[in-house]
Every structure is written in structure tokens, then in C-alpha cells.
Amino acid sequence: MTRIGIILGSTRPGRNGEAVARWALDVAKQRTDAEYELIDLLDYKLPHLDEAYPPSMGQYTQPHTLRWAETIDSFDGFVMVTPEYNHSTSGALKNAIDFLFAEWNNKAVGFVSYGALGGARAVEHLRLIAGELQMADVRSQVALSLFTDFENFSVFKPNQHQVDSLNATLDQVVAWSSALAPLRKR
């Protein structure tokens with residue numbers, strides 16, 4: 001069965017992303033088209049990129065990198081939950097992405113973002129990164145507004161239409177993950 005990782009892309013104390021990622025996982029778990037699992041960057045303790053060789057060479061030496069690579073390699077596609085910080089994604093998510101290369105290749109990726117403008121600018125940056133990593137980014141996305149999907153900017157209360165947006169994103173991620181399966185080496 002297709003495996004989709006939902007990556008919680010914020011490590012900030014008091015992060016809104018935890019509630020968002022758990023909501024995405026709860027909605028996904030109601031589906032039967034794939035296996036869904038939460039990947040919390042806090043569980044990996046990745047320092048600022050500390051490998052001597054570029055990730056494209058695949059010569060990982062650090063135990064944390066090897067563990068991260070094994071996790072990412074085990075999935076067929078991803079949904080990245082990202083905040084928008086200073087018109088981009090979080091440094092923690094960018095760093096985690098930059099640790100690896102081949103493990104991302106030929107996999108689909110969708111985005112759930114949040115911020116003052118729904119996190120749209122963070123997703124635009126992530127789409128550029130996905131292209132370099134040979135990932136297929138899907139068109140549908142979830143853009144959560146701090147003004148309308150959160151109470152007092154911190155209590156997550158998504159509008160009902162966001163469930164439809166999430167399901168459309170998951171539909172595309174699963175479809176593309178399945179379509180790309182022949183290109184992935186396992």
C-alpha cells in the first residue's frame with residue numbers, strides 16, 4: 001500500500017503546526033487509499049546541515065542523517081505542513097529537506113500551510129525546492145489563515161472547506177505517488 005508521510009515542519013515552542021499536522025493526519029486516517037504517518041521534525045534532532053559531502057552524493061556519515069534518510073526513503077509521498085516565516089518556510093524544514101537527495105526523488109508532495117496569507121509564499125518556495133529534488137508537487141494545497149482558521153492566532157479551528165481542500169490534496173498526492181512508483185528504486 002502507498003505510504004504517505006505528513007511532515008510537521010515547525011520545531012518552534014508553542015507551534016501552531018502541531019495541531020495542523022494532527023488534524024491533517026486525523027482526516028487522512030479516515031481514508032483507505034494509503035497508509036498515513038506523522039513525521040515530526042522534533043523527533044529527529046537534525047543539527048544545521050553537518051555532512052561533509054553534498055546530499056546528491058549519498059555519502060551520509062552522521063547517525064542522525066542515516067536515521068532521517070531511512071525514514072524518508074520508506075515513504076512514497078509526502079504532505080509538508082509548513083508555517084510561513086518571513087515570506088518562506090521554516091528553517092527547520094528547509095534544513096531537514098537539505099540533508100537528503102535521492103530519498104526525495106520521484107515522490108509526490110503536497111502542502112498544508114498556515115500564516116497571515118495562508119502560508120502561500122512558503123509553499124511557493126517549497127515548490128521550487130521540490131523541483132530540484134525531482135519531486136512532483138501537486139496543484140491542490142491547503143492554505144490556512146491565521147485570521148480565519150485560528151482563534152486568537154493560536155487555537156486551530158479550521159473552516160469546514162479546509163477539509164475538502166485537504167482531501168483534494170491527498171487525492172493528488174496518492175495518485176501521483178502511485179504513478180511515480182515505477183521510477184522509484186526500492
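Of the residues Ser140, Ser177, which is within 18 Å of Ala28 (Cβ to Cβ), surrounded by 15 or more Cβ atoms within 10 Å (Cβ to Cβ) and free of Cβ contacts under 8 Å to residues at least 60 places away in the same chain?
Numbers: Ser177 fails: free of Cβ contacts under 8 Å to residues at least 60 places away in the same chain.
Among Ser140, Ser177, only Ser140 is within 18 Å of Ala28 (Cβ to Cβ), surrounded by 15 or more Cβ atoms within 10 Å (Cβ to Cβ) and free of Cβ contacts under 8 Å to residues at least 60 places away in the same chain.
Asn159 - would you say it is crowded, with 17+ Cβ neighbours inside 10 Å and farther than 20 Å from Gly9 by Cβ?
Working: crowded, with 17+ Cβ neighbours inside 10 Å: no; farther than 20 Å from Gly9 by Cβ: yes.
Judged against the criteria, Asn159 is not a match.
Taking region 117-133 as the range and being part of a loop (DSSP other than H, G, I, E, B) and either over 15 Å from the mean Cα position of the chain (by Cα) or charged (D, E, K, R) (or both) as the test, the residues that pass are Leu117, Gly118.
Of all residues in region 83-113, those being closer than 16 Å to Leu42 by Cβ and part of a strand (DSSP E or B) number 1.
Being of a type outside the set (Asp, Glu) and within 18 Å of the chain's Cα centre (by Cα) is true for just one of Asn167, Asn152, Asn159. Which residue is that? Walk me through how you get there before you give the answer.
Details: Asn152 fails: within 18 Å of the chain's Cα centre (by Cα); Asn159 fails: within 18 Å of the chain's Cα centre (by Cα).
Matching residue, one of Asn167, Asn152, Asn159: Asn167.
State whether one or more residues within region 54-61 are assigned to a helix (DSSP H, G or I) and surrounded by 19 or more Cβ atoms within 10 Å (Cβ to Cβ).
So the first thing to find is which residues in region 54-61 are assigned to a helix (DSSP H, G or I), and the list is 55-57.
If we keep only those that are surrounded by 19 or more Cβ atoms within 10 Å (Cβ to Cβ) too, we end up with 55.
So far as region 54-61 goes, yes, one or more of its residues are assigned to a helix (DSSP H, G or I) and surrounded by 19 or more Cβ atoms within 10 Å (Cβ to Cβ).
Tell me which residues, restricted to region 1-35, are touching a residue at least 60 places away in the same chain (Cβ under 8 Å) and farther than 25 Å from Ser154 by Cα. Give the steps one after another, and end with the answer.
Going through region 1-35, the residues touching a residue at least 60 places away in the same chain (Cβ under 8 Å) turn out to be 2-12, 14-17, 19-21, 23-24, 27-28, 31, 33-34.
Selection gives Thr2, Arg3, Ile4, Arg31, Asp33, Ala34.
Any chance region 67-82 includes a residue that's in contact (Cβ under 8 Å) with a residue 60 or more places away in the chain, of a type in the set (A, V, I, L, M, F, W, C), farther than 22 Å from Arg121 by Cα and part of a strand (DSSP E or B)? Taking every residue of region 67-82 in turn, none turns out to be in contact (Cβ under 8 Å) with a residue 60 or more places away in the chain, of a type in the set (A, V, I, L, M, F, W, C), farther than 22 Å from Arg121 by Cα and part of a strand (DSSP E or B).
Each value in this text was obtained by applying a stated rule to the coordinates, not by laboratory testing. Here the structure is a predicted model, which is why all the values come from computation and not from measurement. Note: ideal-geometry Cβ built from the backbone for every residue, glycine included; neighbour counts use all protein chains shown.
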